[in-house]
Amino acid sequence: MCEGTQSREHIKQNLAADVLRRTGCVRLTAFGYSMLPSVWPGDQLTIESRAFENVQSEDVVVYARSGRLFIHRALQVEANRIVTRGDAMPTADAPVQPEELMGIVTAIRQADGSNRPVPVSSRWRRLIGLALAYSGKLRSLALRWHAVRTTRIPAVTQGSVG
């Protein structure tokens, strides 16, 4: 990625973090694959700020680290750290410290405009996530299927000819 693009992405993330701190809520569009099949690229995520002590296991948390925002599931919440992992990631992240936590995802608006709750983790969701993580071909097929499934085809209106 070129330097200008990295700077723009850094500015966008800083702006989102600032809005979240000031207003308590921000909406961001997902673009990564680490949370498949729970969060798809193009999903709009409603993120609400949350105090560290109010985060629970299974929450999808947002944290800032090394100039980037990460959106991963809380696996284990302790007094001074949260262990997280993307649903499609093979290993857990380095623990999230209280000062890194930005908030939690409270709602998802899909690319087709429909709203859905944040899915809970399950054994099947984890297995699907790992299959997508380890197989680029399977991930590519799933992303194509998702794009077709969520693309709206405009309705054709019938008119009279005469």
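Assorted remarks:
- Looking across Ser135, Ser140, Ser121, one residue alone is under 22 Å from Asp59 (Cβ atoms), hydroxyl-bearing (Ser, Thr, Tyr) and at pLDDT 85 or above. It is Ser121.
- Residue in the range 28-44 that is over 10 Å from the mean Cα position of the chain (by Cα) and either at pLDDT 95 or above or of a type in the set (Gly, Ala, Ser) (or both) present: no
- Close pairs (9 angstrom Cβ cut-off, 6 or more residues apart or separate chains): closer than 14 Å to Leu69 by Cα in the range 1-22, among the acidic types (Asp, Glu) and modelled with pLDDT of 80 or more anywhere: Leu20/Glu48
- Residue count for the range 11-27 under the criterion of being more than 16 Å from the chain's Cα centre (by Cα) and of a type in the set (Lys, Arg): the result is 2.
- Between Ala64, Ala51, the distinction of being buried (at least 17 other Cβ atoms within 10 Å of the Cβ), at pLDDT below 95 and either closer than 19 Å to Arg126 by Cβ or of a type outside the set (Ser, Thr, Tyr) (or both) belongs to Ala64 only.
- The set of residues from the range 67-99 being buried (at least 20 other Cβ atoms within 10 Å of the Cβ) and of a type in the set (Asp, Glu) comprises just one member, Asp87.
- Taken over the range 125-145, the criterion of being of a type in the set (Gly, Ala, Ser) and either under 15 Å from the mean Cα position of the chain (by Cα) or part of a helix (DSSP H, G or I) (or both) is satisfied by Gly129, Ala131, Ala133, Gly136, Ser140, Ala142.
- Filter result for the condition that a residue is within 21 Å of Thr23 (Cβ to Cβ) and either touching a Ser or Thr at 6+ places or on another chain (Cβ under 8 Å) or of a type outside the set (S, T, N, Q) (or both), over Ala64, Ala74, Ala94, Ala88: Ala64
- Those residues of the range 22-60 which are within 20 Å of Ala133 (Cα to Cα) and either assigned to a strand (DSSP E or B) or among the basic types (Lys, Arg) (or both), in sequence order: Val60
The values are calculated or read from the model by the stated rules, or taken from the named source; none is laboratory data. Values in this document were obtained by computation on a predicted structure and should not be read as measured data. For neighbour counting, all protein chains shown are included, and Cβ atoms are generated from backbone atoms with ideal geometry for every residue, glycine included.
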